[in-house]
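> Below are the structure tokens for one structure; questions will follow.
The values are calculated or read from the model by the stated rules, or taken from the named source; none is laboratory data. Remember, it's a predicted structure, so these values are computed and weren't measured experimentally. Every residue, glycine as well, gets a Cβ built from its backbone with ideal geometry; the counts of neighbours run over all protein chains shown. These accessible areas exclude ligands, DNA and RNA; they are computed on the full protein's heavy atoms, side chains included. Shrake-Rupley method; radii C 1.70, N 1.55, O 1.52, S 1.80 Å.
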Amino acid sequence: MQLQGKRVLLAVTGSIAAYKAAHLTRLLVKEGAEVQIIMSTSALDFITPLTLSTLSKRPVYHQFHKNETGEWNNHVELGLWADLFIIAPLSASTLSKLAHGNSDNLLTATYLSARCPVMLAPAMDLDMYQHPSVRANLDTVEKHGNILLEAESGELASGLSGQGRMMEPEHILEKTIQLLKKSKDFEGKKIMITAGPTQETIDPVRFIGNHSSGKMGIALAKNLANRGAKIELILGPSQITISHPNIKISPVTSTHDMYKAAQAVHPQMDICIFAAAVADYAPADPAKEKIKKNEENMSIILKKNVDIAASLGAVKKDGQIHIGFALETNHEEENAQTKLKKKNFDFIVLNSMNDAGAGFKHDTNKVTIFHQSGKKQVSDLLPKSAIAELIIDTLKKQLDTEN
Ligand code: CTP
């Protein structure tokens with residue numbers, strides 16, 4: 001009974017996969033969860049409330065009022081009651097409403113009121129699932145901090161075969177157990193994360209920058225926020241963003257700005273993660289006016305930027321944990337070990353450019369974690385979200401040994 005005492009709000013929308021919600025309900029109840037089901041109106045065409053209320057042992061709601069008494073089904077209370085909100089299956093239509101804040105039914109109003117983590121399990125035909133508008137909506141709901149359970153591949157109700165099948169209930173159960181087990185293990189912790197690139201001004205229209213997307217730092221922020229931590233995310237200019245009640249974003253541009261923002265919050269932090277790809281140098285004397293192309297050759301004098309991790313590492317207090325990253329192309333282990341010591345990190349995560357399937361262009365990564373104690377952990381080649389999970393689990397162990 002791994003979900004004893006946990007409250008799961010399960011929302012079902014109009015999709016052929018709605019029948020799988022019955023099986024998911026059984027699995028959740030069997031593990032000891034209290035399951036409250038809500039349905040969209042179109043889900044009623046696919047599965048009956050009677051089936052779901054029998055399996056969940058609770059009345060099923062699909063409108064703003066109860067039929068018998070006319071009493072209000074309070075969507076705010078439902079949203080606050082739950083430890084986890086799962087929407088499975090999620091149809092393209094409800095997805096679009098979630099992405100745009102539309103609250104025309106009990107399900108979408110509850111979604112807007114929920115404060116707990118939300119897991120979304122879309123189910124669609126393969127062409128629908130790949131449509132740019134659906135992909136854009138999926139992207140938006142992920143940015144809003146939801147956990148997306150990407151559809152699985154296989155035979156679809158249309159007779160076509162491809163990605164679009166709702167994640168199997170057994171897999172959703174596994175994700176639920178994992179999430180709820182860890183849902184509060186960073187509660188009360190204040191964590192600063194630097195993420196993204198920095199930009200250094202050359203003149204009013206140009207800058208020196210780099211290709212960092214900020215993905216890793218944002219993935220860490222999201223995972224930790226879902227586990228109860230309060231995050232100060234100091235984010236350089238990134239295409240990606242996130243909104244989450246536990247994440248406060250301070251947008252910055254230059255290394256100097258990033259340092260100032262980090263320095264201001266550092267004394268109050270329990271944990272600092274330095275995931276930003278900080279520019280090592282900046283133009284010594286940025287031009288006030290746009291530089292004209294008068295000369296055949298030109299050079300810009302650069303001066304060394306402040307090292308944020310090293311500066312804050314030098315004033316690290318007892319009990320504070322600092323984590324660093326290193327991306328190396330040669331003498332990887334030696335360079336990572338040097339940075340670990342020099343910047344006073346508790347551990348450093350080395351991204352190797354030399355492993356097949358790892359690095360910038362892949363959705364997978366392989367990392368080695370070096371600890372102050374001399375311990376070394378090598379990961380398998382894993383999806384980037386699993387790498388974020390691994391880093392956070394390592395952090396949790398570190399936290400437990402410090403306390
Ligand atoms: N870092 C930082 N401030 C800097 C440079 C780096 O906070 N000015 C942090 C990074 O966020 C990362 C770690 O230090 O966690 C290592 O960054 P990296 O760029 O690999 O190391 P550098 O010290 O810049 O060394 P080099 O570029 O010479 O490899």
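> Which condition number does T255 fail, the rest of (1) open to solvent by 30 Å² or more (accessible area, probe 1.4 Å); (2) over 30 Å from L148 (Cα atoms); (3) in contact (Cβ under 8 Å) with a residue 24 or more places away in the chain; (4) not basic (K, R) being met?
(1)
> Continuing with the same structure: Say whether the condition of being in contact with a strand residue (DSSP E or B) (Cβ under 6 Å, 6 or more places away or on another chain) and open to solvent by 10 Å² or more (accessible area, probe 1.4 Å) is met by at least one residue in the stretch 175-184.
No, because not a single residue in the stretch 175-184 is in contact with a strand residue (DSSP E or B) (Cβ under 6 Å, 6 or more places away or on another chain) and open to solvent by 10 Å² or more (accessible area, probe 1.4 Å).
> Restrict the check to the stretch 263-278 and report whether at least one residue is part of a loop (DSSP other than H, G, I, E, B), small (G, A, S) and within 8 Å of the ligand (Cβ to nearest atom).
For the stretch 263-278, residues part of a loop (DSSP other than H, G, I, E, B), small (G, A, S) and within 8 Å of the ligand (Cβ to nearest atom): present.
> Any residue at all in the stretch 146-160 that is within 24 Å of C272 (Cα to Cα) and either in contact with a Leu (Cβ under 8 Å, 6 or more places away or on another chain) or open to solvent by less than 20 Å² (accessible area, probe 1.4 Å) (or both)? Walk me through it before giving the result.
Of the residues in the stretch 146-160, the ones within 24 Å of C272 (Cα to Cα) are 146-147.
After this cut, where a residue has to be either in contact with a Leu (Cβ under 8 Å, 6 or more places away or on another chain) or open to solvent by less than 20 Å² (accessible area, probe 1.4 Å) (or both) as well, the list is 146-147.
Yes: the stretch 146-160 contains one or more residues that are within 24 Å of C272 (Cα to Cα) and either in contact with a Leu (Cβ under 8 Å, 6 or more places away or on another chain) or open to solvent by less than 20 Å² (accessible area, probe 1.4 Å) (or both).
> Considering each of T194, T201 in turn, give the residue that is under 24 Å from I271 (Cα atoms) and either outside the structural domain of L95 (by TED's automatic domain parsing) or at pLDDT below 95 (or both).
Of T194, T201, the one residue that is under 24 Å from I271 (Cα atoms) and either outside the structural domain of L95 (by TED's automatic domain parsing) or at pLDDT below 95 (or both) is T194.
> Being open to solvent by 10 Å² or more (accessible area, probe 1.4 Å), modelled with pLDDT under 90 and either assigned to a strand (DSSP E or B) or hydrophobic (A, V, I, L, M, F, W, C) (or both), is that true of even one residue in the stretch 234-243?
yes
> Being within 12 Å of the ligand (Cβ to nearest atom) and in a loop (DSSP other than H, G, I, E, B) narrows it down to one of N297, N344, N351, N335, so name that one.
From the options N297, N344, N351, N335, the qualifying one is N344.
> Pairs, please: C-beta under 7 Å, at least 6 apart or cross-chain, first residue within 22 Å of Q178 (Cα to Cα) and in the stretch 227-248, second part of a strand (DSSP E or B) and basic (K, R)?
Taking only residues 6 or more apart or on different chains, the pairs are K230/K190; I231/K248; N246/K230.
> Do you know which residues across the stretch 124-145 are open to solvent by 10 Å² or more (accessible area, probe 1.4 Å) and in contact with a strand residue (DSSP E or B) (Cβ under 6 Å, 6 or more places away or on another chain)?
Of everything in the stretch 124-145, those that are open to solvent by 10 Å² or more (accessible area, probe 1.4 Å) and in contact with a strand residue (DSSP E or B) (Cβ under 6 Å, 6 or more places away or on another chain) turn out to be M124, D125, L126, E142.
> Return the pairs, sorted by first residue and then second, in which the second residue is among the charged types (D, E, K, R) and within 8 Å of the ligand (Cβ to nearest atom), the first residue lies in the stretch 319-346 and is under 14 Å from T368 (Cβ atoms), the beta carbons are less than 7 Å apart, and the residues are 6+ apart or on different chains.
Final answer for the pair search is G324/K339; G324/K343; A326/K339; N335/E328; A336/E328.
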